[in-house]
Amino acid sequence: MKIGLVGLGAMGAGIVPRLLAAGHTVTGWNRTKEKAESLIETGMRWANSPGEVASQSEAVFSIVTDAAAVREVALGPNGIIGGLSTESIYLDMSTIAPDESRAIATEFSQAGLTMLDAPISGSPVTLAAGQASIMVGGDKRAFERVRPVLLDIGAKATYIGGNGMAEQMKLAINLVLMVEVIAFGEGVALAEKGGVARDVAVEAMLNSVAASPVLGYRGPFILDGNMPEVPLADVNLQQKDMLLVLELGRKLGSPVPLAAAANEMMNACRGLGIDHRDFVSAHEVYCRLGGMSK
C-alpha cells in the first residue's frame, strides 16, 4: 500500500523501516526535516505538509506528543483532513484522551472521511523486535482493511470498539505499566536498604515470577552506567499519560489510586531534576527517601 506517516520521533522513525521492509511505499513528514534525513536515505519519500502526505496515501498514520499536536497535524492548515481522500483511512497512533480522539474523529466523519484511533503499545525496543501491539477504535470494516499493514508494524492488532475506545484501553495498559515499573524500583530499593547489592536484587527480580517484558529491558537501566542517554520514555512523557488516566478516572467515576501514587513519584523525579531520564528513575527517589545514595 501507499502509506503516510506524520511524526517521525522515536516511535515514528522505528515504524518506517518496518513498513519499507514489508514492501510498502512510505511518505513521511516531520516538523523538523533533519530528523527524517536518515529515513529518506533508506527509501522514505518526503512531503512538505501532513496534507500532502495524506494526498499520496491510502492509509496515513500520525504519532505525535499530545492532543494539541494531533489537532494541528490532523485539522490545522495543510492538515491531514485537507488531503485525505474518501477512500483512504487516517489512523492516529498517539496516546491522547479518548474524548479528544472522538472529537477529532467526528470532524473527519462530518467531512465524509474515516479516522481510527490506533495507539501503539511498546517502546522503540519492542517495536524494533516486532513485538509491539496496536489497538484500534472506530469503524470495524476500516480496521479490517488496514489490519495487514498494522501487522507489518507490530505482532498484534486488536479491535477494541468504537472511536476513542482504543485510547481508553491504551491508558489502562499504561497505568499497569507505570505501576509495575515503579513497584520494581520500590522493591529493589527495599532489598538494597536491607543489604542486598543492587545488581543482585535486579537479577533476582528479573528471574522471579514478578518479571515481565517491560522489566526485562527497563529494569537493568538502574544499574551503574546503564541509563540510556536518550530515554525510551522520559518522566514527563509518562506523567502525561498518568494525568490522562487520572482525568479519565474522574470522568468515569472509576478509582485509580495507584495511578495517583505513580503520578506523585513522577512529581518527585521532577523535583529532583531527573525528569529528562527514563521513568524507571523513580528507583532513585526511593533510594534517596531511604537514605541511600542514588
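The values are calculated or read from the model by the stated rules, or taken from the named source; none is laboratory data. On a predicted model such as this, the values are computed, not experimentally measured, just so you know. Every residue, glycine among them, receives a Cβ derived from its backbone with ideal geometry; neighbour counts consider all protein chains shown. The accessibility values were calculated without ligands, DNA or RNA, using every heavy atom of the protein model including side chains. Shrake-Rupley method; radii C 1.70, N 1.55, O 1.52, S 1.80 Å.
Yes/no matrix, rows are residues, columns are (1) assigned to a strand (DSSP E or B); (2) of a type outside the set (Lys, Arg); (3) open to solvent by 50 Å² or more (accessible area, probe 1.4 Å); (4) touching a strand residue (DSSP E or B) at 6+ places or on another chain (Cβ under 8 Å):
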{"position": "23", "(1), (2), (3), (4)": "no, yes, yes, no"}
{"position": "28", "(1), (2), (3), (4)": "yes, yes, no, yes"}
{"position": "31", "(1), (2), (3), (4)": "no, no, yes, no"}
{"position": "35", "(1), (2), (3), (4)": "no, no, yes, no"}
{"position": "38", "(1), (2), (3), (4)": "no, yes, yes, no"}
{"position": "48", "(1), (2), (3), (4)": "no, yes, yes, yes"}
{"position": "53", "(1), (2), (3), (4)": "no, yes, no, yes"}
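The set of residues from region 225-243 being open to solvent by 40 Å² or more (accessible area, probe 1.4 Å) and part of a helix (DSSP H, G or I) comprises 236, 237, 240, 243. Set side by side, the residues 206, 171 differ, and just one is surrounded by fewer than 18 Cβ atoms within 10 Å (Cβ to Cβ), of a type outside the set (Asp, Glu), in contact with a helix residue (DSSP H, G or I) (Cβ under 8 Å, 6 or more places away or on another chain) and at pLDDT 95 or above, which is 206.
Among the residues of region 135-158, some residue qualifies, meaning at least one is among the hydroxyl-bearing types (Ser, Thr, Tyr) and surrounded by fewer than 17 Cβ atoms within 10 Å (Cβ to Cβ). Taken residue by residue, region 143-164 has at least one member that is without any contact (Cβ under 8 Å) to a residue 24 or more places away in the chain and basic (Lys, Arg). Against the test of being outside any helix (DSSP H, G or I), out of contact with any Gly (no Cβ under 7 Å at 6 or more places or on another chain), among the aliphatic types (A, V, I, L, M) and under 20 Å from residue 131 (Cβ atoms), the options 172, 211 yield a single qualifying residue, 211. Screening residue 166 on (1) modelled with pLDDT under 95; (2) open to solvent by less than 10 Å² (accessible area, probe 1.4 Å) shows it passes everything except condition (1). Going residue by residue through region 103-121, is there one that turns out to be surrounded by fewer than 21 Cβ atoms within 10 Å (Cβ to Cβ) and in contact (Cβ under 8 Å) with a residue 60 or more places away in the chain? For region 103-121, residues surrounded by fewer than 21 Cβ atoms within 10 Å (Cβ to Cβ) and in contact (Cβ under 8 Å) with a residue 60 or more places away in the chain: absent.
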